[in-house]
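Here's the structure, in structure tokens; my notes come after.
The values are calculated or read from the model by the stated rules, or taken from the named source; none is laboratory data. Quick caveat, the model's predicted, so the values are computed rather than measured. Note that each Cβ is placed from the backbone with ideal geometry, even for glycine, and that neighbours are counted across all protein chains shown. Quick note on the areas: whole protein, heavy atoms, side chains included, nothing else; ligands and nucleic acids left out. Shrake-Rupley method; radii C 1.70, N 1.55, O 1.52, S 1.80 Å.
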Amino acid sequence: SLGNTAWKSEQSVVTEITDKIQEILGIEKTAPVVKEEASFTGPKITGSGVAKGKEIHIDSQWRGKSAGGCMNHLTWRWNPQIFLTVSQDDTKLCFSLIQLARIKLTSVTIYVIESTTSEVGRLFWLEGRNQVIGKARFRAASKVTLDITLKKSPNPYVIIPTTYDPNEELPYTLSISSDKEVTAEVISPEKDWQEVRFAGEWKGLSAGGCKNHPTFVQNPQYLVTCTENSTLRLLILQSKIDNFDAISFYWVKPKGNINGKLIGISDDEVLAKGKFGDPNECIITLFDTFSRRHTWFLCSNTLHF
């Protein structure tokens, strides 16, 4: 089935039929350089910006960190993200994702995610997989489409085009067609979250476990200084390991001016902690963090040596 073709051009339908025949016959698919459709007349976003209309055209690429791969990988959150504002109920949309200038096609899809905040900012975390309200089937095709009807929402929908595997670098075009006006925004790197990243490990004595254990202070510690009022997102990611317990961290404000490693903390010095529950990732958001030093502990739920 080709789905609802009311939102697809004749060329789009022919492309999908050709791809399906190649798939059935086991013919390796190759992609010529794909040119922008001549019939397209809507506003265009290249790199970053805002566009409003019934047709919106976005040129971008997966490159470096932004080639994050699908949601089977912890790096999915660094894919390009488009924030779509829908101001009328029962808005019918067709998303078309086109791979550009690729000798060999790679599997791609489009996620549509229901946001829990009105903020136009990178989505790092899903409260549950039910936030993903639309997804095209992964296909190694020159064009992948997704038809969906969206309701009016005070929060922008997050649209994530992605390859199946990380580190697949190539340019693409995402076209949005709608029966009612929508607004799409791609934030610039300057407006994106500024990131500081550390690589570490729990090993030997540094695998101290949670605060219930006396060895807790042996966990890795990071001293964080905020030079202005800030909103911080603390995110810890760990490659998938079999039989590893839940991971989390503590955000600590020590009493006094301490520059070295803490050897003990009291309960009232803990400002926040992540929720134990996942062995691979944990996140918390801290609002209006003041210009002072804090210590960020990383720890697992139980002792691991």
_Give all pairs with beta carbons closer than 7 Å in which a residue from the stretch 156-167 that is more than 13 Å from Pro80 (Cα to Cα) and at pLDDT 95 or above meets a residue that is in a strand (DSSP E or B) and open to solvent by 40 Å² or more (accessible area, probe 1.4 Å); count only pairs at least 6 apart in sequence or on separate chains._
Pro156/Thr85; Tyr157/Glu114
*Sort out for me the strands (runs of 3 or more DSSP E) sitting completely within the stretch 200-258 that have 1 or more residues that are modelled with pLDDT under 85.*
221-225, 230-237
*Restricting the search to the stretch 136-154, which residues are open to solvent by less than 40 Å² (accessible area, probe 1.4 Å), in a loop (DSSP other than H, G, I, E, B), more than 21 Å from Ser87 (Cα to Cα) and of a type outside the set (A, V, I, L, M, F, W, C)?*
Ser142
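Determine, yes or no, whether Ile133 is free of Cβ contacts under 8 Å to residues at least 40 places away in the same chain, in a strand (DSSP E or B) and either among the aliphatic types (A, V, I, L, M) or open to solvent by 40 Å² or more (accessible area, probe 1.4 Å) (or both). First the steps, then the outcome.
Working: free of Cβ contacts under 8 Å to residues at least 40 places away in the same chain: yes; in a strand (DSSP E or B): yes; either among the aliphatic types (A, V, I, L, M) or open to solvent by 40 Å² or more (accessible area, probe 1.4 Å) (or both): yes.
Yes; evaluated as a whole, the condition is true for this residue.
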*In the stretch 101-114, what residues are open to solvent by 20 Å² or more (accessible area, probe 1.4 Å) and touching a helix residue (DSSP H, G or I) at 6+ places or on another chain (Cβ under 8 Å)?*
Glu114
_Quick check on the stretch 251-266. Is at least one of its residues surrounded by 15 or more Cβ atoms within 10 Å (Cβ to Cβ), of a type in the set (Gly, Ala, Ser) and touching a residue at least 24 places away in the same chain (Cβ under 8 Å)?_
no
